[in-house]
Amino acid sequence: MQTILKTFYFLWMLFTPIYFCAAQSSEQADSTGIISYADKFVVKVNVNTQTDVYALNNEANGDKLTIAPNNNYRLFFSLDYEFIGLSIGFSPTFFSGNNDDDLKGESSFSDVRFRAVIGNWIQGIQIGNIKGYYVENTQDFLPEWIEGVDPYIQIPSMTSKIFGMSTSYNFNPKFSFRNIFYQTEWQTKSAGSFIPSLYYNFNQLSYSLGGQDAKEYSYPIRLSPAYYYTLVIQKNWYIGGNLSPSFGIRFSKSSLTTENVRSVEKNSSFIYALEGGLQLGYASRKILFGAGLNFDINGYNEDKTSAIVNDKIYGVIFFGYRFNTPGFIDRTYKKYAEKLGI
């Protein structure tokens, strides 16, 4: 987190003078106070400290198992144009928090997200893959273990895959969802909105350990009645906040194979989550940057005595630029958009 804050401070000091000397946008906001840059190429890079840490709590005896991948920092590149956007994420080893493989083992992370914004509707698709986990609370299982000297218990074969989708609706046309998340719009007046979202995923978790092969397929569905607000400060600066409680149901099918004997179990459980965060950002006609702090609390009961929770607080910084769209791409889009009536 200190690395994230230091990096944001550097960006802050580097780009704050732009606030005073950059030319103001020639575009005019409509009555809602929103300027659209959907016809521009919006290129953005962000770094965050989000990671997937899972804690299995046995409520009967108080035992706890906490596992995590060895990637503390994730890097995303995104491109948005008109109503569509694409982002690609990975975990580079040049970040110091991602290269201590000797102690925590090697982990890989990849994430591809596609989004489409049509009117007030937002549709998202995510394909993610994480491989390689270690046991954070190794000392609970190996009393003689010394942190920083001895390697953690590692599960290199453990793989988590996700194919997720989300559908959201923005009820207030004076609030720009694109300003906060995709920067294809510039909101010049303070406003907030109720934005309910439906999340529906297909997840797969698998590992091989101690002669056992385990697989779990799960299908969580949850509804989130979220609220977002953007406070505009002196036109170019803004503070964005959101609070997103959610609830739903999770269907799962798990199998365990030991010495060629396979057992199968099916479960359904209630799931809950509470997400939120604050974001401080700068937006102009071409340049945008900012930083945020988010939290995510979620979990479900695996059975009557076991609960799985995934609570985390993570930071993010981002920097982006709006380019003029290459002529051939702009002409091609307008040609087909006119035919399709988009």
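When each of ARG222, ARG250 is tested for being basic (Lys, Arg), within 19 Å of the chain's Cα centre (by Cα) and more than 19 Å from MET158 (Cβ to Cβ), the lone residue that passes is ARG222. The residue list GLY148, GLY97 contains one member that is farther than 23 Å from TYR37 by Cβ, in a loop (DSSP other than H, G, I, E, B), out of contact with any Ser or Thr (no Cβ under 7 Å at 6 or more places or on another chain) and modelled with pLDDT under 90, which is GLY148.
Kindly establish whether SER108 is within 19 Å of TYR134 (Cβ to Cβ), surrounded by fewer than 20 Cβ atoms within 10 Å (Cβ to Cβ) and touching a residue at least 60 places away in the same chain (Cβ under 8 Å). Let's see the steps before the verdict.
Details: within 19 Å of TYR134 (Cβ to Cβ): yes; surrounded by fewer than 20 Cβ atoms within 10 Å (Cβ to Cβ): yes; touching a residue at least 60 places away in the same chain (Cβ under 8 Å): no.
Considered against the rule, which asks whether it is within 19 Å of TYR134 (Cβ to Cβ), surrounded by fewer than 20 Cβ atoms within 10 Å (Cβ to Cβ) and touching a residue at least 60 places away in the same chain (Cβ under 8 Å), SER108 comes out as no.
Candidates in segment 85-105 are the residues that are touching a residue at least 40 places away in the same chain (Cβ under 8 Å) and in contact with a Pro (Cβ under 9 Å, 6 or more places away or on another chain); of these, the one that is surrounded by the fewest Cβ atoms within 10 Å (Cβ to Cβ) is ASP102. Scanning segment 117-145 for residues that are outside any loop (DSSP other than H, G, I, E, B) and either polar (S, T, N, Q) or more than 29 Å from the chain's Cα centre (by Cα) (or both) yields GLN123, GLN126, ASN129, THR138, GLN139, ASP140. Residues in segment 287-304 that are under 27 Å from TYR229 (Cβ atoms) and either surrounded by fewer than 16 Cβ atoms within 10 Å (Cβ to Cβ) or at pLDDT below 90 (or both): PHE295, ASP296, ILE297, ASN298, GLY299. Scanning segment 6-20 for residues that are within 24 Å of ILE88 (Cα to Cα), modelled with pLDDT of 85 or more and crowded, with 16+ Cβ neighbours inside 10 Å turns up nothing.
Somewhere in segment 178-193, is a residue among the aromatic types (Phe, Trp, Tyr), modelled with pLDDT of 90 or more and farther than 30 Å from SER107 by Cβ?
Kept after step one, since they are among the aromatic types (Phe, Trp, Tyr), are these residues of segment 178-193: 181-182, 186.
Pick out the ones that are also modelled with pLDDT of 90 or more and you get none.
No, segment 178-193 contains no residue that is among the aromatic types (Phe, Trp, Tyr), modelled with pLDDT of 90 or more and farther than 30 Å from SER107 by Cβ.
Criterion applied to THR138, THR188, THR159 was being without any contact (Cβ under 8 Å) to a residue 24 or more places away in the chain and either surrounded by 15 or more Cβ atoms within 10 Å (Cβ to Cβ) or closer than 30 Å to GLN234 by Cα (or both), and the one residue passing it is THR138. Within segment 58-80, identify whether any single residue is touching a strand residue (DSSP E or B) at 6+ places or on another chain (Cβ under 7 Å), over 30 Å from TYR134 (Cα atoms) and at pLDDT 65 or above, and answer yes or no. Yes.
If we keep just the residues of segment 305-335 that are in a strand (DSSP E or B) and polar (S, T, N, Q), which is modelled with the lowest pLDDT?
Quick first cut of segment 305-335, residues in a strand (DSSP E or B) only: 306-324.
Restricting the remaining residues to those that are polar (S, T, N, Q) gives 306, 310, 324.
On the way: SER306: 63, ASN310: 72, ASN324: 90.
In this case the residue turns out to be SER306.
Looking across segment 83-135, the residues that are among the acidic types (Asp, Glu) and out of contact with any strand residue (DSSP E or B) (no Cβ under 8 Å at 6 or more places or on another chain) come down to ASP100, ASP101, ASP102.
Quick one: in segment 142-188, which of the residues that are aromatic (Phe, Trp, Tyr) and in contact with a helix residue (DSSP H, G or I) (Cβ under 7 Å, 6 or more places away or on another chain) is nearest to LEU231 (Cα to Cα)?
Narrowing segment 142-188 to residues aromatic (Phe, Trp, Tyr): 145, 152, 163, 169, 171, 175, 177, 181-182, 186.
Okay, now just the ones that are also in contact with a helix residue (DSSP H, G or I) (Cβ under 7 Å, 6 or more places away or on another chain), so 145, 152, 186.
On the way: TRP145: 49, TYR152: 45, TRP186: 12 Å.
Top of the filtered list is TRP186.
The values are calculated or read from the model by the stated rules, or taken from the named source; none is laboratory data. Predicted model, so just to flag it, every value in this text is computed and none were measured. As a convention, Cβ positions derive from the backbone with ideal geometry for all residues, glycine included, and neighbour counts pool all protein chains shown.
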